[in-house]
Every structure is written in C-alpha cells, then in structure tokens.
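Please read the structure below before turning to the comments.
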Amino acid sequence: MSVISIAAKRGLSLKIIRPWCNLLTNSASSTRVTCLWSSTKPAHVPADLVDKLERLALVDFRTKQGLACLEKAIRFADQLHVVDTSGVEPMDSVLEDRALNLRGDAVVEGDCAEELLQLSKNTVEEYFVAPPGNIPLPTREERTAMLKHSEF
C-alpha cells in the first residue's frame with residue numbers, strides 16, 4: 001500500500017504529502033527514501049482556549065460549524081509537529097537560491113510632513129489617528145445569560 005493511499009484513508013492532507021513523497025522517492029540519490037507518516041490525535045480545544053481565541057480573533061466559535069473549523073485548522077497545523085527537522089539548517093529566506101537586489105538607502109532631506117499627513121484618512125492637528133483596537137467580547141457566562149434572555 002502506498003503512502004498516498006494510507007494518508008488518504010487517515011484523512012491527511014494530500015496537498016502536503018504528495019509533493020514531498022514524489023520529491024523524495026524520485027530523487028537521483030542512491031539512498032532509498034521511504035515516506036513515513038503518523039497520524040495526529042484529534043484536536044480537543046478546551047472551553048477557556050476557545051474563549052481566548054474568540055477575544056483575540058474576534059471570531060465567534062459558538063456554533064458547531066465554527067468549532068469544527070477551528071479543530072480542523074488545529075489538526076492541519078499539528079501535522080507539522082510530525083515532521084523530523086533534526087539536522088536541517090534553518091533558512092534565512094524562502095528565496096535563498098536567488099539574488100535579492102536591495103534598493104539604495106539614500107537619505108532624502110525635505111519637509112514632507114504635510115504630504116504624509118494628507119495620505120491618512122483621519123488626523124488630528126499633526127498626528128495620525130489609529131482606529132480603535134479590539135473590542136472585548138463577553139465571557140462565556142455572559143453570553144449564556146444573554147442568550148437565555150434573548151427572544152430567539
């Protein structure tokens with residue numbers, strides 16, 4: 001049975017597996033390479049972590065569909081923990097095989113504050129105004145209480 005068919009039966013992402021297995025097994029190396037894959041545990045997300053993610057991302061995970069999407073994303077990311085990266089040098093850039101031409105670092109003197117302030121949608125006097133930050137969401141208990149008192 002091939003690695004691809006085993007991965008498909010386990011519900012693993014073939015978009016990740018297929019290119020790497022093809023690359024490794026079809027290499028010109030004299031060493032035989034076999035792709036091994038182990039399945040990851042199903043993602044169980046504790047309620048306090050869901051609350052924290054809702055506050056940080058301003059995304060509602062109260063529905064089964066939202067929670068299933070979150071668990072699917074975590075399972076996808078957990079696949080990266082299975083990959084053995086021991087002995088692999090970290091990359092400086094994803095474009096290590098290319099020459100990166102940098103522009104000249106020329107200092108331009110000039111009074112351009114008014115021009116820069118005109119680029120902003122909202123300014124006060126000579127300052128940029130940032131939009132308001134994340135709005136805190138109610139806690140799980142507060143949401144439950146609100147839902148009990150709602151007309152839905």
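The values are calculated or read from the model by the stated rules, or taken from the named source; none is laboratory data. A quick note: this is a predicted structure, and the numbers were derived from the prediction, not measured. Reconstructed Cβ throughout: ideal geometry from the backbone, glycine too, with neighbour counts over all protein chains shown.
Do the conditions hold for Lys9, that is, is it in the same structural domain as Glu142 (by TED's automatic domain parsing) and either surrounded by fewer than 11 Cβ atoms within 10 Å (Cβ to Cβ) or at pLDDT below 55 (or both)? Break it down stepwise before answering.
Working: in the same structural domain as Glu142 (by TED's automatic domain parsing): no; either surrounded by fewer than 11 Cβ atoms within 10 Å (Cβ to Cβ) or at pLDDT below 55 (or both): yes.
Considered against the rule, which asks whether it is in the same structural domain as Glu142 (by TED's automatic domain parsing) and either surrounded by fewer than 11 Cβ atoms within 10 Å (Cβ to Cβ) or at pLDDT below 55 (or both), Lys9 comes out as no.
Looking only at region 111-123, decide whether some residue is acidic (Asp, Glu) and at pLDDT 85 or above.
Going through region 111-123, the residues acidic (Asp, Glu) turn out to be 111, 114-115.
Subset that is at pLDDT 85 or above: 114-115.
Yes, there is a match, as at least one residue in region 111-123 is acidic (Asp, Glu) and at pLDDT 85 or above.
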*Go through region 39-94 and count every residue that is closer than 19 Å to Leu147 by Cβ and either touching a Pro at 6+ places or on another chain (Cβ under 7 Å) or among the aromatic types (Phe, Trp, Tyr) (or both).*
2
_Enumeration of residues in region 56-108 that are modelled with pLDDT under 80, assigned by TED's automatic domain parsing to the domain that holds Glu142 and of a type in the set (D, E, K, R)_ = Asp60, Arg62
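Would you check which residues across region 64-92 are part of a helix (DSSP H, G or I) and more than 14 Å from the chain's Cα centre (by Cα) and list them? Reasoning before the result, please.
Filtering region 64-92 for residues part of a helix (DSSP H, G or I) gives 64-82.
Selection gives Lys64, Gln65, Gly66, Leu67, Ala68, His81, Val82.
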